[in-house]
Amino acid sequence: MRFDRKLADEEGRLEALRRYDVLDTPPEAPFDRLTELVRSVLGVPIAAVTLVDAERQWFKSIAGLNACETSLEISFCAHAIKKREPLVISDATLDMRFAKNPLVTGDPWIRSYLGIPLETPDGYNVGALCAIDTKPRTFPRMKLP
């Protein structure tokens, strides 16, 4: 696998996120429709459109959970944006990165996670589209364009 400079360029990624000027903006129907579609199609209780800045994961839209952000230390999406392919966690209790995460050991009891990186046209991953379940499961294989 070839080294991807954009994935390693945190300053450039944060600048790309700032250019969208979307952090801390009010809810928008298109994003909310997307999270409801993910919940419906994949049959998960929680879906989100997240944006990852320097200190937190902020939810542009979240369905099935009453939260507006989480810290990077416990964010699954902070891991998802480090790759070009979807991050799939079938059972978070068996994954060393997440087994002791408070979102796994406590409410909302995350067990499985699918995070698809949201890539800007210039190649920076600024967030993720997420499907989250409270029970272990596999997700369908997906190929990104």
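The values are calculated or read from the model by the stated rules, or taken from the named source; none is laboratory data. Keep in mind that what you see is a predicted model, and the values were worked out from it rather than measured. In this analysis, Cβ positions are derived from the backbone assuming ideal geometry, glycine residues included, and neighbour counts consider all displayed protein chains.
Residues that are closer than 17 Å to Ala16 by Cβ and either charged (D, E, K, R) or touching a residue at least 60 places away in the same chain (Cβ under 8 Å) (or both): find the strands (runs of 3 or more DSSP E) completely inside region 31-145 holding 1 or more of those.
Correct list: 46-52, 56-63, 112-119, 125-133.
Buried (at least 17 other Cβ atoms within 10 Å of the Cβ), of a type in the set (Val, Ile, Thr), within 14 Å of Leu114 (Cβ to Cβ) and within 15 Å of the chain's Cα centre (by Cα): which single residue out of Val52, Val38 fits that description?
It is Val38.
Within region 98-145, restricting attention to residues that are at pLDDT 95 or above and among the acidic types (Asp, Glu), which residue is surrounded by the most Cβ atoms within 10 Å (Cβ to Cβ)?
Asp133
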